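The values are calculated or read from the model by the stated rules, or taken from the named source; none is laboratory data. As the structure is a prediction and not an experimental result, all values here were calculated from the model. For neighbour counting, all protein chains shown are included, and Cβ atoms are generated from backbone atoms with ideal geometry for every residue, glycine included. SASA here: full protein model, heavy atoms, side chains in, ligands and nucleic acids out. Shrake-Rupley method; radii C 1.70, N 1.55, O 1.52, S 1.80 Å.
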Amino acid sequence: MQKFVPILKRTQLFSGVGEGEIETMLSCLQARLGTYQKGEYVLRQGEHLDSLLVLAEGKLHIQRDDYWGNRSIIHIVSQGEMFGEAYVAPESGTLMSDVLAVEHCTVIFFDVKRIITVCPSACRFHAMVVQNLFFAISEKNRKLLQKLGYMSQRTTREKLISYLSDEANRNNSAEFSIPFNRQQLADFLSVDRSAMSNELCKMRDEGLISFEKNRFVLLE
């Protein structure tokens, strides 16, 4: 656990908290590790969750499959990112999505009740962690609203343009890489992969974009 303290220090949850204080708080918050191989599920739809999780290493997909097996990628969890915060409130219900390891992962579980309740020892930085949790939830909501913006577009091309434009703005460059392969991008935008690939080729032929694998350039 100690080797992940520098990673935790860089997370939004422990922003402003020193490494020494984090080490002290790990016991207070009943932190524990879970390791998962590529293709393993960290959490499954329908489970109850009583922990707040931070990805210490690897990459995860938060995804959902419908009755017929059609997959939608809701979010990609990167190293140092917190997840599970949507279920910290009492009566939040069971998980609505699966969490899948897309490469070898190590996850840190924190007892959510220990986070939102001031501990008997009154850790100096506990209130700061609670405040950070609130800000992190606000930021996650902003990202979900951003994705809803993609979903609200009527056509596959409009969804692609909306998503690629946001990625260019986020990278402050017309040239950037996305964290998806073609199937994952289609799942993220909830479109048919073949239709999306055809649309990408049309946009390239029209001089709007160029691309190679997951590397894109937006053209004037």
When only residues in region 117-140 that are at pLDDT 80 or above and among the aliphatic types (A, V, I, L, M) count, which is farthest from the chain's Cα centre (by Cα)?
ALA127
Wholly within region 1-88, which strands (runs of 3 or more DSSP E) include no fewer than the required count, namely at least 1 residues that are at pLDDT below 90?
60-65, 71-77
Looking at (1) open to solvent by 60 Å² or more (accessible area, probe 1.4 Å); (2) over 16 Å from the mean Cα position of the chain (by Cα), can you tell me which one GLN79 breaks?
(2)
Looking at region 49-69, is at least one residue surrounded by fewer than 18 Cβ atoms within 10 Å (Cβ to Cβ), over 22 Å from VAL102 (Cα atoms) and either touching a residue at least 12 places away in the same chain (Cβ under 8 Å) or not aromatic (Phe, Trp, Tyr) (or both)?
yes
Keeping to region 82-92, report how many residues are under 16 Å from the mean Cα position of the chain (by Cα) and open to solvent by less than 40 Å² (accessible area, probe 1.4 Å).
4
What are the residues in region 93-111 that are part of a loop (DSSP other than H, G, I, E, B), touching a residue at least 40 places away in the same chain (Cβ under 8 Å) and either within 25 Å of ASN132 (Cα to Cα) or open to solvent by less than 10 Å² (accessible area, probe 1.4 Å) (or both), if any?
THR94, LEU95, MET96, SER97
